[in-house]
1. Can you tell me which residues in the stretch 125-146 are surrounded by 14 or more Cβ atoms within 10 Å (Cβ to Cβ) and free of Cβ contacts under 8 Å to residues at least 12 places away in the same chain?
2. Which one is surrounded by the fewest Cβ atoms within 10 Å (Cβ to Cβ) among residues in the stretch 180-213 that are among the charged types (D, E, K, R) and assigned to a loop (DSSP other than H, G, I, E, B)?
3. Of the residues that make up the stretch 138-151, is at least one closer than 30 Å to Q117 by Cα and among the acidic types (D, E)?
4. What's the number of the condition K97 fails, among (1) closer than 25 Å to L175 by Cβ; (2) surrounded by fewer than 20 Cβ atoms within 10 Å (Cβ to Cβ)?
5. So L107 clears everything in (1) in a loop (DSSP other than H, G, I, E, B); (2) of a type in the set (A, V, I, L, M); (3) under 14 Å from the mean Cα position of the chain (by Cα); (4) under 20 Å from K53 (Cβ atoms) except one condition, right? Which one?
6. Could you please find all residues in the stretch 54-71 being farther than 30 Å from G81 by Cα and either part of a loop (DSSP other than H, G, I, E, B) or out of contact with any helix residue (DSSP H, G or I) (no Cβ under 9 Å at 6 or more places or on another chain) (or both)?
7. Tell me the residue from L88, L59, L84 that is more than 19 Å from V147 (Cα to Cα), among the hydrophobic types (A, V, I, L, M, F, W, C) and in contact (Cβ under 8 Å) with a residue 12 or more places away in the chain, please.
8. In the list E149, E176, E154, E227, which residue meets the criterion of being surrounded by fewer than 17 Cβ atoms within 10 Å (Cβ to Cβ) and within 17 Å of T101 (Cα to Cα)?
Amino acid sequence: MRKGISLFFGYDVGAENLPKLIKKSGFDCVITSADKKFDEQNGTIRQQVRRIKRCGLQLSSLHMRYDPKELHYFWEEGKMGEILKKRLISDVKIAKKYGFTCVVVHLAGEWSEIGKQRLLDVLKVCRKLNVPLAIENTSKQKIFLDVFENIDDEYLRFCYDSGHNNAFDRDFDYLEKFGDKLITLHLHSNDGTWDAHTLNDFGNIDWQKLGRKLAKYKDNLFSLDYELLMKYGSDKFSAEECLIKAKKQADELEKIIENASA
């Protein structure tokens, strides 16, 4: 299986060096964002893609651009909700332009018919451009569940975030309920008390158990993607050491998945 990691994984080593280090560590692909607030950290999306491909890496998922404080407007009457819809459609178009596998989306707010129509409008564009929209499990479980309960569309898919599941609702089995819609992953660990986006060394996720679950849906996945931000533990290892450890984790998870599939 391919293994991927977030372009920025928690170390300020210079935007031009990120893909080089990722390639050197043995990863195959990258997940990233086109959000301009990260331009200094990552480079513009055009620069990112050029550097990523120059290093021989592939593109996996593209994260939507967003401000957490604004997300609720998507479900409310008014101009701001329409702006968020247009921004999300723009992300779908960016994903199509550069060749990302899907767009990962965060949701917040309360379900409404106007929000439903906005999401359906986005999905029409997804269908036209053949770019799936992957809803990520976050701390906002209710709106996640409401969307999948009320919208049935082949382009509405699921991004499983292991760290979020462990920190926010560890007793809820997203993969059992939504595994058939799985298309991409955000793999990272924590101790269950906060969203640390860190290595397995500092977390308590049962990767044997999770790997066996993922084995059922491995054919849905482009790659095993790690979304490391190293909110905890970056002082323990260098950037290079962190990537080596992350790649080892990915290789070990692949073995668990393959053994469970045998």
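The values are calculated or read from the model by the stated rules, or taken from the named source; none is laboratory data. Every value quoted in this text rests on a predicted model; they were computed, and no experiment measured them. Note that each Cβ is placed from the backbone with ideal geometry, even for glycine, and that neighbours are counted across all protein chains shown.
1. L145, the sole residue that qualifies.
2. First pass over the stretch 180-213, keeping only residues among the charged types (D, E, K, R): 180-181, 191, 195, 201, 206, 209, 212-213.
Restricting the remaining residues to those that are assigned to a loop (DSSP other than H, G, I, E, B) gives 191, 195, 206.
Working: D191: 14, D195: 18, D206: 10.
Once the filter is applied, the top-ranked residue is D206.
3. There is at least one residue in the stretch 138-151 that is closer than 30 Å to Q117 by Cα and among the acidic types (D, E).
4. Evaluating K97 over (1) closer than 25 Å to L175 by Cβ; (2) surrounded by fewer than 20 Cβ atoms within 10 Å (Cβ to Cβ) leaves (1) as the failure.
5. (4)
6. C55, G56, L57, listed by residue number.
7. Only one candidate passes the filter, namely L59.
8. Checking each option against the conditions leaves just E154.
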